[in-house]
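S.K.: I'd like to ask some things about the structure below.
The values are calculated or read from the model by the stated rules, or taken from the named source; none is laboratory data. Keep in mind the model is a prediction, meaning the values are calculated, not measured. Quick reminder, even Gly has a Cβ in these numbers, built from the backbone with ideal geometry, and neighbours come from all protein chains shown.
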Amino acid sequence: MRHGLLIGAVAGIGAFLVAACSGTSMSTDSPEPDEGGTSGTSGTSGTSGTSGTSGTSGTSGTSGTSGSSGDPDGGTEGGTTKPTELKTGTVILVGVTSDGYAAYLAINGTAASLEVVPVAGGTPTVLLPTFAQTDGVVVRGGAVAYWTGVTAGIGALNYWTKATGPKTAVETASRSGMFFSSTDSTRIAFSVGATATSTDIAVTTGALGTKTPVLTGTSAVNLAAATGAGGNPPACSPDIGFVGKILFAAYCTGTTAATTAARLYTVPDGATPTPARLDTATAGAAASVQPFWSADTTGAKVFVINSAANARGRIIFNGATRTEANLDIDTQDGLMLDDGSAVLFRVQNAAGTTKAIRRSTAIATPVTTDLVAASAEGLLAISNDQKHALFHTLAPANGLVDIRALSITPPPAPVDIVATAAGYPFGFTGNGTTVLYQTDLDANGIGKLKAKPVAGGAEKELATNMYDLRPLRTGTGVLVLDNPKDASGGQIQTVDLKWVDAVAGGTPKLLADTVVSDGFEVSGTRLVYARFAATGGGLFSIAVP
């Protein structure tokens, strides 16, 4: 699986317990967003404090500093830094909390336990001694949510945070995977009273002040429309998450599987929060939106797209008096900038005669400017500083596209990065100065990693044999994935992880080998990874150069 700009999260291990021993596949789901705002690379987590065991269901083993995960004799990786061994054996990394705790499944034969451990090292804490193949788990903000006794996607919800410890049997009928958290986990939301076709949503404190649903009755989430049948994508996949301590939730109601017209609710912070429906912010406004929203960092301005056939973009001003401003019809995608100054969006009509990227100021009477007036086939990425975007103007060729950069604040003209449909885009470096992409791909997706300044200039070749890449959140360093190999009967893929500075260049430095391809995350200044190997396997963390 190629990652590009996407980061996955484990929502249920399915038959991976068997895969780790004999080669059956693991199931993964994409995470719900924890925050609204920018697109592009995933945010990083902060460093952790020390671990504790008070109030936990048990502890398991110890961790400490080891030699290289690829060198059982204790040599250093990349010649500079030794990794910290967090857990030995066969491990599935579920995710890393915002306060620096790695959640993982420790596999023992055909059994597993769910545990957490500080990414800097410490004593693991056992959350669930026996994690069944049907159980589910996700990491959101500073919380680890897990479901037991799951039948047809519904089970008992439990969760853990560093501040509160484990909260068990919070809700007996909760949809597995439907748990959302603010970054600091002081506000959470989760599925309650779930049935096969719908679920209510409770919003409360991380300390679990109440589980009384606030989105319920005619405002319940339509699970029938949120679940694709027969391998098909869902008709109305919910978009739910927090901006600060404010919950935003775009989803379809009712129980009909083919429903596509969503509502948008907001639930403010408070002991007894009262939800408000935003898509009807102004009298006479369209009564539904597409299941999508993008807000500034304060939650005061929200960009949505109407579900009606004309697909009009709209800005909703989420103040004491809710108002709105209309943008263009035929809006395909876009986002509200974090500072609330403008919306960046793309329009394309059915005839294909209009394909433009536009910027509209986020005020009561928006001023719209064409950044790309014609031939804009799609937006590819936004830089973390939201000063630049990548787009393409040519139809994809064998999954590859042309790559062009534009300034989100005009007037600089777009810059050609890759002029023909021959590139695979990975976005920007963390500081937004450099575009990262791959060319010369072979049939297995192996190719050359290249970089070019966002303003144009000389192309730099960073690696000749690479498979995938993850830009880091800050700076110019990137993680390069290469040497992909199939393990356990071809059901698990491992890669080597290397680091290189996209501006300085040089030989990529090996950080870890035989890493599960979707089993790693960056937490603050540390890379956390699961190494899948007969000797030296386990969960590790290492300082990123």
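S.K.: Take V503 and tell me if it is at pLDDT 95 or above and crowded, with 20+ Cβ neighbours inside 10 Å.
M.R.: It is false that V503 is at pLDDT 95 or above and crowded, with 20+ Cβ neighbours inside 10 Å.
S.K.: Quick check, is T172 over 23 Å from the mean Cα position of the chain (by Cα) and touching a residue at least 40 places away in the same chain (Cβ under 8 Å)?
M.R.: no
S.K.: Sticking with this structure for a sec: Consider V480 carefully, then state whether it is over 27 Å from L93 (Cα atoms) and either crowded, with 21+ Cβ neighbours inside 10 Å or of a type in the set (A, V, I, L, M) (or both).
M.R.: No.
S.K.: Still on this structure, please answer the following. Out of curiosity, is T266 surrounded by 17 or more Cβ atoms within 10 Å (Cβ to Cβ), at pLDDT 95 or above and in contact with a strand residue (DSSP E or B) (Cβ under 8 Å, 6 or more places away or on another chain)?
M.R.: The answer is yes for T266.
S.K.: I've got another one for you. Which pairs have Cβ atoms under 7 Å, sit 6 or more apart or on different chains, and link a residue in the stretch 198-220 that is within 24 Å of T161 (Cα to Cα) and without any contact (Cβ under 8 Å) to a residue 40 or more places away in the chain to one that is of a type in the set (F, W, Y) and in a strand (DSSP E or B)?
M.R.: Taking only residues 6 or more apart or on different chains, the pairs are A202/F190.
S.K.: Which one is nearest to K87 (Cα to Cα) among residues in the stretch 499-545 that are free of Cβ contacts under 8 Å to residues at least 60 places away in the same chain and touching a Gly at 6+ places or on another chain (Cβ under 8 Å)?
M.R.: V500
S.K.: Now for a separate question. Scan the stretch 518-545 residue by residue and report those that are under 11 Å from L93 (Cα atoms) and of a type in the set (V, I, T).
M.R.: Once the filter is applied, which keeps residues that are under 11 Å from L93 (Cα atoms) and of a type in the set (V, I, T), the stretch 518-545 yields only V528.
S.K.: In the stretch 506-545, which residues are outside any strand (DSSP E or B) and either buried (at least 24 other Cβ atoms within 10 Å of the Cβ) or in contact with a strand residue (DSSP E or B) (Cβ under 7 Å, 6 or more places away or on another chain) (or both)?
M.R.: G524, T525, F532, A533, G537, V544, P545
S.K.: Tally time: how many residues in the stretch 512-531 are in contact with a Pro (Cβ under 8 Å, 6 or more places away or on another chain) and within 18 Å of R473 (Cα to Cα)?
M.R.: 0
S.K.: Got a number for residues in the stretch 251-275 being in a loop (DSSP other than H, G, I, E, B) and of a type outside the set (G, A, S)?
M.R.: Result for the stretch 251-275: 12.
S.K.: Which of (1) β-branched (V, I, T); (2) part of a strand (DSSP E or B); (3) at pLDDT below 95 does T210 not meet, given it meets every other one?
M.R.: For T210, the exception is condition (2).
S.K.: Among (1) closer than 25 Å to V116 by Cβ; (2) in contact with an Asp or Glu (Cβ under 6 Å, 6 or more places away or on another chain), which single condition is V495 missing?
M.R.: Of everything listed in (1) closer than 25 Å to V116 by Cβ; (2) in contact with an Asp or Glu (Cβ under 6 Å, 6 or more places away or on another chain), V495 misses just condition (2).
S.K.: Out of the stretch 464-491, which residues are in a loop (DSSP other than H, G, I, E, B) and among the charged types (D, E, K, R)?
M.R.: R473
S.K.: Just need a number here: residues in the stretch 484-503 that are β-branched (V, I, T) and closer than 13 Å to R531 by Cα.
M.R.: The qualifying residues number 3.
S.K.: From the list V372, V415, which one is closer than 25 Å to A351 by Cα, buried (at least 17 other Cβ atoms within 10 Å of the Cβ) and either in contact with a helix residue (DSSP H, G or I) (Cβ under 6 Å, 6 or more places away or on another chain) or of a type outside the set (S, T, Y) (or both)?
M.R.: Unique residue meeting the criteria: V372.
S.K.: Are any of the residues in the stretch 117-133 within 18 Å of S181 (Cα to Cα) and in contact (Cβ under 8 Å) with a residue 60 or more places away in the chain?
M.R.: Checked the stretch 117-133: no residue is within 18 Å of S181 (Cα to Cα) and in contact (Cβ under 8 Å) with a residue 60 or more places away in the chain.
S.K.: While we're here: Farther than 15 Å from F428 by Cα, under 23 Å from the mean Cα position of the chain (by Cα) and of a type in the set (A, V, I, L, M, F, W, C): is that true of F391 in this structure?
M.R.: Considered against the rule, which asks whether it is farther than 15 Å from F428 by Cα, under 23 Å from the mean Cα position of the chain (by Cα) and of a type in the set (A, V, I, L, M, F, W, C), F391 comes out as no.
S.K.: If we scan the stretch 234-245, do we find a residue that is more than 23 Å from the chain's Cα centre (by Cα) and part of a loop (DSSP other than H, G, I, E, B)?
M.R.: no
S.K.: Could I ask something else about it? Given (1) at pLDDT below 95; (2) of a type outside the set (V, I, T); (3) assigned to a loop (DSSP other than H, G, I, E, B), where does A364 come up short, assuming only one miss?
M.R.: The single condition A364 does not satisfy is (1).
S.K.: Here is a check on your reading of the model: is T429 crowded, with 22+ Cβ neighbours inside 10 Å, β-branched (V, I, T) and out of contact with any Phe, Trp or Tyr (no Cβ under 9 Å at 6 or more places or on another chain)?
M.R.: yes
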